[in-house]
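The values are calculated or read from the model by the stated rules, or taken from the named source; none is laboratory data. In this text, all values refer to a predicted model and were calculated from it rather than measured experimentally. Here Cβ is always computed from backbone atoms with ideal geometry, including for glycine, and neighbour counts include all displayed protein chains.
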Amino acid sequence: MRSSERLLVVAVAFAALALQPAVALATPSPSPALSGVLIQPPSAGFVELDSTVPGVVEGQFDANAFAKVNTSNPSGVEKTLARDGFVDGYGRTWVQQATRHVLIEIVVAFSGGDGARRWLTSSEVADKADPGYQHSISVSGIGAYYGERYANTTTGVYEDVFAFVKGNDFFIIGVGTVSATDDLGTAAADQTKAQYAAAPDATIPKSQWPQSSTSSAFEAGALVFKVVIGVVLVGVVLLVIVLARRRGGVVSGVMPAVAAFQISPDGGHWWDGRQWRDAKTDIPPQAQRTADGEFWWDGRQWRPVA
């Protein structure tokens, strides 16, 4: 290669490098905006929660915030989101005092349909590993999806959750309750069908989607999620428990104070000033409790009083 040709190659290479930041900034924005994509609750009496309530997914969120929602491996989840092409996310959470039902709706826009479908499959793997998983549930009239029933008969917690993909968007519709009997019926399925019908075909034009990725990347994503359990669902359980135990209270105002004690990273122990104590058997005397005394706040979640 002549020196003039080498100089030309070098010049082109540097020009390409200079253009990379501009390309990175050219990530498409969802249209319509995700804040207008999620539908309203199916009936009156649902009150939307404030974003300050612990465990709530409310309003716009980025990949970092979504990865931290009840996951054991937030850094792994965030990397998987980035690999799949996370663009934006939006969530809404409502409670209905009369029925003790909690409704959660989440939409995540990916840069293309492939990323959304990879995330759907990975999420299904993770959710089926949740200790509360009971069995799959179905709904008619929608595209790629999965549905799952969660239950804890000891605490009376029941949840029906559907996740589906439409275009480049991934949706979660979940309905949970705390009740002596399972009274959810077809609430989650009905809301899922309504959301699917109302959702746009895509929030990013198909002409702007990236090319299909390799199967090896798909398999790697699934492996990541086998370690991550319950991306969102634990938050639903905590909310319905608090809701059920605080009858008549203003749920949107349930913002427990910061715990006045140190708790270990795994939540298994707390420090009394001299030694670590088992959080399952020894409750900190200064811990905040629910009005009926059946749950205490560890600074991150409500725990049942043994």
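For the range 20-31, filtered to residues that are surrounded by 10 or more Cβ atoms within 10 Å (Cβ to Cβ) and out of contact with any helix residue (DSSP H, G or I) (no Cβ under 7 Å at 6 or more places or on another chain), the residue that is modelled with the lowest pLDDT is T27. So is V77 outside any helix (DSSP H, G or I) and among the β-branched types (V, I, T) or not? For V77, the condition - outside any helix (DSSP H, G or I) and among the β-branched types (V, I, T) - is not met.
Okay, residues lined up against (1) at pLDDT 95 or above; (2) more than 15 Å from the chain's Cα centre (by Cα):
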position: G91; (1), (2): no, no
position: T99; (1), (2): no, yes
position: L120; (1), (2): no, no
position: V161; (1), (2): no, no
position: T181; (1), (2): no, yes
position: K193; (1), (2): yes, yes
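For the range 28-66, the candidate set comprises residues that are within 11 Å of G89 (Cα to Cα) and of a type in the set (F, W, Y); within that set, the residue that is farthest from the chain's Cα centre (by Cα) is F61.
Before we move on, is F66 of a type outside the set (G, A, S), in contact with a helix residue (DSSP H, G or I) (Cβ under 6 Å, 6 or more places away or on another chain), surrounded by 17 or more Cβ atoms within 10 Å (Cβ to Cβ) and over 21 Å from A188 (Cα atoms)? Judged against the criteria, F66 is not a match. Within the range 142-159, the set of residues being closer than 11 Å to G132 by Cβ and over 17 Å from the mean Cα position of the chain (by Cα) comprises A151, N152, T153, T154, T155, V157, Y158.
It is to be established whether one or more residues within the range 121-131 are touching a residue at least 12 places away in the same chain (Cβ under 8 Å), hydrophobic (A, V, I, L, M, F, W, C) and under 24 Å from S35 (Cα atoms). Checked the range 121-131: no residue is touching a residue at least 12 places away in the same chain (Cβ under 8 Å), hydrophobic (A, V, I, L, M, F, W, C) and under 24 Å from S35 (Cα atoms).
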